[in-house]
Amino acid sequence: MTGKESKELLTDVVSDLSKWLPFGNCSFDPCSPIKYGNTAYDSDSRSFLFSAGTLEFELDPCRNFAPFESIIPVINLFHEACGHGLQQCVMYGKQDDVLSKVLCMNYCACQSSDKYYGAEFVDYVDDPTYFKQPYEMAAQYIGLRWAYDYLKTKPLPFDLDAAFVEYQKFRTSNGDGRDFIDLDPMSKTASAILGQYEKAFPSVVRSSRGYNHKVPVLEDAESYDDDLIRFQKHLGGGADYLGRLERCNDGMRQDWMAAAVYFRYHPDRLKSFPSISGLDVDV
């Protein structure tokens with residue numbers, strides 16, 4: 001598909017998702033690379049805006065893009081709108097759902113620190129810590145699954161399963177060289193890729209998040225707005241909260257430690273997350 005055709009495909013996705021979703025709107029971002037997706041909250045309208053980059057399509061509308069490249073922003077938009085959108089507007093409001101609690105705790109932990117989350121983006125290359133966050137892995141799974149189901153209804157000029165396999169290869173080998181899963185060379189379909197996600201997810205939930213408290217250094221806390229570093233400075237040099245957090249090998253325990261610090265500084269936000277309303281934030 002050409003850049004123009006790929007943009008037209010995404011335009012259909014934007015239109016359809018904006019009609020289907022009751023809690024936000026979708027758009028494309030012509031100034032961001034196709035690898036980029038974003039979820040933003042508009043406090044004025046009290047709704048979410050989900051977007052996906054289309055820069056390469058804008059720059060080369062006549063160029064023929066590989067099938068996997070044409071579907072990158074489609075998957076990104078489903079990741080943002082159907083992954084994070086449903087998490088924020090549905091799952092985090094459930095009080096008796098274990099998965100909702102796990103994802104919500106992880107999300108809140110990531111709000112405590114960009115470094116904990118893995119938001120070290122240089123030329124849109126993700127920090128490997130990002131790929132250890134369960135709520136991001138869950139959003140990517142939904143993005144892949146729902147994008148595939150949507151694209152199956154479209155008259156595409158390529159084999160969709162082959163495009164999904166190439167997309168996953170790009171993410172793990174030809175692209176950034178890391179992802180939530182290592183692609184099984186025997187995987188030939190989107191269903192097989194989704195099966196790998198399902199198999200890997202429990203271990204990601206329990207595994208260490210890979211947090212490194214030494215970067216950025218503590219002295220940069222005032223300019224870095226990091227609740228974890230702020231809490232460590234409050235405790236003083238005799239305490240080692242960040243060190244204990246880093247050395248902890250249980251990802252769920254790490255999430256609790258980071259989320260508790262987040263709510264120490266933002267106590268009013270706890271009521272926005274009913275799924276973890278009973279969280280002990282006394283640290």
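The values are calculated or read from the model by the stated rules, or taken from the named source; none is laboratory data. Since the model is a prediction, treat every value here as computed from it, not as a measurement. We place every Cβ from the backbone using ideal geometry, glycine too, and count neighbours over all the protein chains shown.
Residue under question is Leu156, and the condition is that it be modelled with pLDDT under 95 and not in a helix (DSSP H, G or I); does it hold?
Against the criterion (modelled with pLDDT under 95 and not in a helix (DSSP H, G or I)), Leu156 does not qualify.
Search segment 47-69 for residues being in contact with a Gly (Cβ under 9 Å, 6 or more places away or on another chain) and assigned to a helix (DSSP H, G or I), and hand back the single one that is surrounded by the fewest Cβ atoms within 10 Å (Cβ to Cβ).
My answer is Leu59.
Among the listed residues Lys188, Lys233, identify the single one that is under 30 Å from Lys152 (Cβ atoms), among the basic types (Lys, Arg), over 23 Å from the mean Cα position of the chain (by Cα) and at pLDDT 85 or above.
Going through Lys188, Lys233 in turn, the sole match is Lys188.
From the set of residues in segment 251-283 that are surrounded by 14 or more Cβ atoms within 10 Å (Cβ to Cβ) and small (Gly, Ala, Ser), which is nearest to Lys115 (Cα to Cα)?
In this case the residue turns out to be Ala258.
With respect to Ser187, is the statement that it is in a loop (DSSP other than H, G, I, E, B) and hydroxyl-bearing (Ser, Thr, Tyr) true?
It is true that Ser187 is in a loop (DSSP other than H, G, I, E, B) and hydroxyl-bearing (Ser, Thr, Tyr).
Residues of segment 79-114 being over 14 Å from the mean Cα position of the chain (by Cα), of a type in the set (Gly, Ala, Ser) and part of a helix (DSSP H, G or I), which ones?
Residues satisfying the conditions are Gly93, Ser100.
Which of the residues that make up segment 28-46 are hydrophobic (A, V, I, L, M, F, W, C) and touching a Gly at 6+ places or on another chain (Cβ under 8 Å)? Spell out the reasoning first.
Pass one, segment 28-46, residues hydrophobic (A, V, I, L, M, F, W, C): 28, 31, 34, 40.
Selection gives Phe28, Cys31, Ile34.
Being closer than 21 Å to Glu5 by Cα and either modelled with pLDDT of 90 or more or over 11 Å from the mean Cα position of the chain (by Cα) (or both) narrows it down to one residue among Phe180, Phe164, Phe131; which is it? First the steps, then the outcome.
Values: Phe180 fails: closer than 21 Å to Glu5 by Cα; Phe131 fails: closer than 21 Å to Glu5 by Cα.
Being closer than 21 Å to Glu5 by Cα and either modelled with pLDDT of 90 or more or over 11 Å from the mean Cα position of the chain (by Cα) (or both) holds for just one of Phe180, Phe164, Phe131, which is Phe164.
Which residue is farthest from the chain's Cα centre (by Cα), if the candidates are limited to segment 1-15 and must be in contact (Cβ under 8 Å) with a residue 60 or more places away in the chain and closer than 20 Å to Leu144 by Cα?
Going residue by residue through segment 1-15, those that are in contact (Cβ under 8 Å) with a residue 60 or more places away in the chain are 1-3, 5-6, 9-10, 12-14.
Right, trim to closer than 20 Å to Leu144 by Cα and you get 1, 6, 9-10, 12-14.
Working: Met1: 27, Ser6: 23, Leu9: 23, Leu10: 20, Asp12: 23, Val13: 19, Val14: 19 Å.
Only one residue fits best here, namely Met1.
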